[in-house]
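First the structure, in the form of structure tokens, and then the observations on it.
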Amino acid sequence: MPHPMQTYPVTAWRNGVPGPASRVLPEETAVALTYDRASFAVMMATPENLEDFAAGFSLSEGIIQNLSDITELEIVALEAGIECRLSLIPARREALAARRRKIAGPVGCGLCGIESLAEAVRAPRRVTAAGTISAAALQTAFKNLGAAQHLNRQTRAVHGAAFLSGGTLLVREDVGRHNALDKVIGAALRDGQNPAAGAILLTSRVSIELIQKTAAFGVPILAAISVPTARAVREAEAANITLIAVARDDGFEVFTHPERIAD
């Protein structure tokens, strides 16, 4: 299994003078997801927490509805990359066969391979949870998020996603922001966390597919360091998700459903 980070020698120019140095870089590997021996998706991802990635991707893409829909999960390193081999219960296997599609795209390509416009802009699941979060708790979480990103502390080149519940951060990282979110969804799912009682935190901008993935998991609050797209705001409004952006440890902006921010 490849290591998630690699160190490379570089020639660093400082104050107009070159010198030897080194740089820690995040790895990216072709990761294939197969269901009952049939290929479904190939993503470029950081080779870490791939069990979480496989479970989270399966849920956020609607392949499974519960963790128990997966009967077997195996991570296999091959010469060309890594395979996440999953087996499904018969009902989910049959449902997948009816809607099978393939995705093959570069890092961060969340909609590559979708075959129709209708599928790309499908209506999100409407989140019914009425969870709340205080402004202080949100700001504290973002203050602590950086320290919890062990890959990014060394590389400064990966996205982070976190599930916040009761003041505890469950963090996952990846070179792709969609992958990072899938990983943390899978981690929370496998840990038995209640999505209705938590919030998703992101270190990236927010686009439509990140809203769709959050809605699929049933989390009522999504907060990000960067700004959302206009379509993401409309999607969050329709999904009944409280969308928070430009989040820092000293403040944030609420775009939709502000009633979940508890003073």
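The values are calculated or read from the model by the stated rules, or taken from the named source; none is laboratory data. This structure is a prediction, so every number in the text was calculated from the model and none was measured. All Cβ positions, glycine included, derive from the backbone under ideal geometry; neighbour counts span all protein chains shown.
Exactly one residue out of I82, I133, I64, I103 is among the aliphatic types (A, V, I, L, M) and modelled with pLDDT under 95, and it is I103. Scoring A232 on the criteria (1) surrounded by fewer than 24 Cβ atoms within 10 Å (Cβ to Cβ); (2) over 19 Å from L59 (Cβ atoms) leaves a single failure, condition (1).
Considering E94, E119, the condition of being surrounded by fewer than 18 Cβ atoms within 10 Å (Cβ to Cβ), at pLDDT below 95 and in a helix (DSSP H, G or I) is satisfied by E119 alone. Taking first residues from segment 1-13 that are of a type in the set (V, I, T) and partners that are part of a strand (DSSP E or B) and modelled with pLDDT of 95 or more, the Cβ contacts under 7 Å between residues at least 6 apart in sequence or on separate chains come to T7/S22; T7/V24; V10/A21; V10/S22; V10/R23; T11/P18; T11/P20. When the residues of segment 171-190 are filtered to those that are in a helix (DSSP H, G or I) and of a type in the set (K, R), which remaining residue is surrounded by the most Cβ atoms within 10 Å (Cβ to Cβ)? Top of the filtered list is K183. Determine which single condition P47 fails, assuming it passes every other condition in (1) crowded, with 18+ Cβ neighbours inside 10 Å; (2) part of a loop (DSSP other than H, G, I, E, B); (3) without any contact (Cβ under 8 Å) to a residue 40 or more places away in the chain. The single condition P47 does not satisfy is (3).
Residues that are within 18 Å of N152 (Cβ to Cβ) and in a loop (DSSP other than H, G, I, E, B) within segment 23-44 comprise E27, E28, listed in sequence order. Taken over segment 217-263, the residue count meeting the criterion of being in contact (Cβ under 8 Å) with a residue 12 or more places away in the chain, part of a strand (DSSP E or B) and not hydrophobic (A, V, I, L, M, F, W, C) is 4. Among residues of segment 124-137 that are more than 15 Å from T256 (Cβ to Cβ), those with a beta-carbon under 7 Å from a residue that is aliphatic (A, V, I, L, M) at least six positions away or on a different chain give the pairs R125/A215; R125/A216; R125/A239; S134/A262; A135/I261.
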